[in-house]
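Colleague: Input: one structure, supplied below.
The values are calculated or read from the model by the stated rules, or taken from the named source; none is laboratory data. Just so it is clear, the model here is predicted, and its values are computed rather than measured. Note that we place each Cβ from the backbone using ideal geometry, even for glycine, and neighbour counts take in every protein chain shown. To get the accessible areas, we keep the full protein, side chains included, count just its heavy atoms, and leave off ligands, DNA and RNA. Shrake-Rupley method; radii C 1.70, N 1.55, O 1.52, S 1.80 Å.
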Amino acid sequence: MELHPILTCNEARAYEERLLPSAEAVAVAMQRAGRAVGQAVLRDYREIGRVPPALRLLVLAGTGNNAGDALLAAVEIGRCHPEAVVTVIFVFGQNAIKSQCKEAFMALASACAGRLTVVDGPGINCTTLATDWHIVLDGIVGMRFHPPLRAPATEILGWVNELGHKVQLRAAVDIPSGLGEQPVVIHNESVFRADFTYATGIVKAPVVAKENAAAVGRLRYLDLGFFKDEKPDAHQNCYVMPDSLINPLRYLRNPLSDKRTYGHIFLLGGSQFMTGAILMAIQAAVCSGAGLVTGMVPGPLAARLATVVPESMWMPLPVQGDGTLAMDTLMIARQDLDRATALLIGPGMDHDKSTRILIARLAREIVLPMVLDASALLPDVMAAVIGRPKDAGAVICTPHWGEFSRMSRTEGDGAPENTELMEFSRKHRVVTVLKGPLTRVSDGTKVIYIPHGGPVLARGGSGDILAGIIGAQYAQHPKNPLFAACRGALWHAKAADLLAQARGHAAVRTTELLDYLNPVLREQQY
């Protein structure tokens, strides 16, 4: 599985100097970065709506390569939208820009002749500038920056940040201006507040730092092929997952394969008042490549759910008088799970004591590769996981922040530190998929960031769908839990991106995610 290292700004600068030893190599990389940023910005703008023909684009340009990337991104946007109107503010003055930046500006001046306005930053009166922009591109300073930011950049950033919704999309090129290697107290005039940050070639450590999340917005990694021949050591064992992980799903399947080739996932869950969660997990498993799917649900639900997902097999489980699963479920599981290659437990299950005891016994005694989600993410269940036989299949856990706090017995429901995430995964010998604005996966030795997804996932049921996708991948790759977890999380997050681009954030249903799993595999690769 290919992983790309996250580096500090100093490490990234040293690596780029080795990788791009000449001005010509830098120019080629800058062209690729600018084109990739431009295309990505236009894709992400679709989450707002159709890109208007007379797009109003503001570029905040510094003096160096970061400004050059932003200017070339504007060239790409102007190429795709020939009526776009572009304004460039050279924050430190046009006369201060360096050679690579000058070449990028010449390209923009040629591409947008008659549609380009240039403003010098020194002495600027921001109140004379337009206040409504479709897109603002931040290319003032990049990874070479050391705080504090100086005037006139502070005045210009304060003005842009105060515009609020008068700017529809704020995009930072590589790293928001004002962020550097050392943490800073973020004020409106000190750091560009991005909706999206487009990491070009290398993800730098400041853009994944928890304290910088409000300035970074949503991280997007633009893979420029920097790690084809050499991969330096990752900063604090942190990596980013490239999109290439799902490329094999785009290939033709083996013509000699059959349904048994692609695994058999059993999903155990559901209860009288939470039918939807297990249903969504099963639908996701069916839609994400598993050869065989079996739903293990309380008996009264089985016939009803079978009419909704006829592609799945169904196993009715005995219930007690109060509707909760009977302990006989354990005996049934022991008898019938010999056909499975992986087991998912948890979506929609009750929280009563007997169900918790049942889940803990299943987690300890069933040796199949296992995914634990939702109601199975409990401290006593995690204690049972530690007691699994040494030859048992590995366990994947899929908590959000609150569930992680509950199962790890830590205080608060905020984002745990990477060290805490790795320690938990190492102690319990699990792969943890920590859901959040920037999902992280850890096997105890490293942390892997998934640079996709967004607020469209902030609704009930999205985690059940993720669990089903991961379960289906794990059933196909039962010896590789980290691979299954990362591929499932990446596929789910990229489907969320396409859903948001097609339908926006607010007026969608969670199950619409399923409709975009297939388009992810057929989207154009950049």
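Colleague: What are the residue pairs meeting all of these: first residue in the stretch 37-65, first residue closer than 18 Å to Gln501 by Cα, second residue of a type in the set (S, T, N, Q) and modelled with pLDDT of 95 or more, Cβ atoms under 7 Å, and 6 or more apart or on different chains?
Modeller: Partner pairs satisfying both residue conditions: Val37/Thr200; Arg43/Gln501; Arg46/Gln501; Glu47/Gln501; Ile48/Gln168.
Colleague: Turning to a different aspect of this structure: Is there any pair linking a residue in the stretch 441-456 that is part of a loop (DSSP other than H, G, I, E, B) to one that is of a type in the set (Asp, Glu) and surrounded by fewer than 20 Cβ atoms within 10 Å (Cβ to Cβ), with Cβ under 8 Å and at least six apart or on different chains, and which?
Modeller: Gly444/Glu423
Colleague: Looking at the stretch 206-228, can you tell me whether even one residue there is among the acidic types (Asp, Glu), over 28 Å from Glu420 (Cβ atoms), in a helix (DSSP H, G or I) and open to solvent by 60 Å² or more (accessible area, probe 1.4 Å)?
Modeller: For the stretch 206-228, residues among the acidic types (Asp, Glu), over 28 Å from Glu420 (Cβ atoms), in a helix (DSSP H, G or I) and open to solvent by 60 Å² or more (accessible area, probe 1.4 Å): absent.
Colleague: Looking at Thr398 and the list (1) in contact with a helix residue (DSSP H, G or I) (Cβ under 7 Å, 6 or more places away or on another chain); (2) at positive phi, which single condition is not satisfied?
Modeller: That leaves (2) as the condition not met.
Colleague: Can you pull out the residues in the stretch 261-300 that are assigned to a helix (DSSP H, G or I), open to solvent by 10 Å² or more (accessible area, probe 1.4 Å) and among the hydrophobic types (A, V, I, L, M, F, W, C)?
Modeller: Ala277, Leu279, Met280, Val286, Cys287
Colleague: Turning to a different aspect of this structure: Quick check: is even one residue across the stretch 126-133 of a type in the set (Asp, Glu) and in contact with a Phe, Trp or Tyr (Cβ under 8 Å, 6 or more places away or on another chain)?
Modeller: No, that holds for no residue.
Colleague: Just one of Ala394, Ala374 is open to solvent by 10 Å² or more (accessible area, probe 1.4 Å) and farther than 27 Å from Gln272 by Cα; which is it?
Modeller: So the residue among Ala394, Ala374 that is open to solvent by 10 Å² or more (accessible area, probe 1.4 Å) and farther than 27 Å from Gln272 by Cα is Ala394.
Colleague: Step by step: first the residues of the stretch 157-205, then only those that are open to solvent by less than 30 Å² (accessible area, probe 1.4 Å), farther than 20 Å from Tyr45 by Cβ and of a type in the set (A, V, I, L, M, F, W, C), then the one that is nearest to the chain's Cα centre (by Cα). Which residue is that?
Modeller: Ranking the candidates gives Val203 first.
Colleague: For the stretch 413-440, which residues satisfy the criterion of being out of contact with any strand residue (DSSP E or B) (no Cβ under 7 Å at 6 or more places or on another chain) and either assigned to a strand (DSSP E or B) or open to solvent by 40 Å² or more (accessible area, probe 1.4 Å) (or both)?
Modeller: Listed by number, the residues that qualify are Asp413, Gly414, Glu417, Thr419, Glu420, Glu423, Arg426, Lys427, Arg429, Pro437.
Colleague: Given the structure, is Glu403 over 17 Å from the mean Cα position of the chain (by Cα), among the charged types (D, E, K, R) and either within 20 Å of Ala489 (Cα to Cα) or buried (at least 22 other Cβ atoms within 10 Å of the Cβ) (or both)?
Modeller: yes
Colleague: When you look at Ser425, is it within 24 Å of Ile366 (Cβ to Cβ), out of contact with any helix residue (DSSP H, G or I) (no Cβ under 8 Å at 6 or more places or on another chain) and of a type in the set (Ser, Thr, Tyr), yes or no?
Modeller: Yes.
A quick yes/no check of all residues on (1) aliphatic (A, V, I, L, M); (2) buried (at least 24 other Cβ atoms within 10 Å of the Cβ); (3) at pLDDT 95 or above; (4) outside any loop (DSSP other than H, G, I, E, B):
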site	(1), (2), (3), (4)
Ala467	yes, yes, yes, yes
Ala472	yes, yes, yes, yes
Pro478	no, no, yes, no
Gly488	no, yes, yes, yes
Ala495	yes, yes, yes, yes
Val508	yes, no, yes, no
Leu514	yes, no, yes, yes
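Colleague: Also, quick follow-up: Of Gly346, Gly387, which residue is of a type outside the set (A, V, I, L, M) and either open to solvent by less than 20 Å² (accessible area, probe 1.4 Å) or under 20 Å from the mean Cα position of the chain (by Cα) (or both)?
Modeller: It is Gly346.
Colleague: Can you spot a residue in the stretch 245-253 that is closer than 18 Å to Ala484 by Cα and touching an Asp or Glu at 6+ places or on another chain (Cβ under 8 Å)?
Modeller: There is at least one residue in the stretch 245-253 that is closer than 18 Å to Ala484 by Cα and touching an Asp or Glu at 6+ places or on another chain (Cβ under 8 Å).
Colleague: Just wondering, is there one or more residues in the stretch 114-137 that are within 24 Å of Glu16 (Cβ to Cβ) and hydrophobic (A, V, I, L, M, F, W, C)?
Modeller: yes
Colleague: Can you tell me which of (1) within 22 Å of Val41 (Cα to Cα); (2) open to solvent by 50 Å² or more (accessible area, probe 1.4 Å) is the one Val88 doesn't meet?
Modeller: (2)
Colleague: Continuing with this model, one more query. Of the residues Thr355, Thr307, which is part of a helix (DSSP H, G or I), within 28 Å of Leu517 (Cβ to Cβ) and of a type outside the set (A, V, I, L, M)?
Modeller: After ruling out the rest, the residue left standing is Thr307.
Colleague: Within the stretch 17-54, which residues are closer than 18 Å to Val240 by Cβ, open to solvent by 20 Å² or more (accessible area, probe 1.4 Å) and out of contact with any Phe, Trp or Tyr (no Cβ under 8 Å at 6 or more places or on another chain)?
Modeller: Arg32, the sole residue that qualifies.
Colleague: Okay, next question. Out of the residues in the stretch 142-156 that are assigned to a loop (DSSP other than H, G, I, E, B) and not hydrophobic (A, V, I, L, M, F, W, C), state the one that is surrounded by the most Cβ atoms within 10 Å (Cβ to Cβ).
Modeller: Here the residue is Gly142.
Colleague: When the stretch 92-141 is examined, which residues are found to be among the acidic types (Asp, Glu), open to solvent by 70 Å² or more (accessible area, probe 1.4 Å) and within 36 Å of the chain's Cα centre (by Cα)?
Modeller: Within the stretch 92-141, Glu103, Asp132 meet the criteria.
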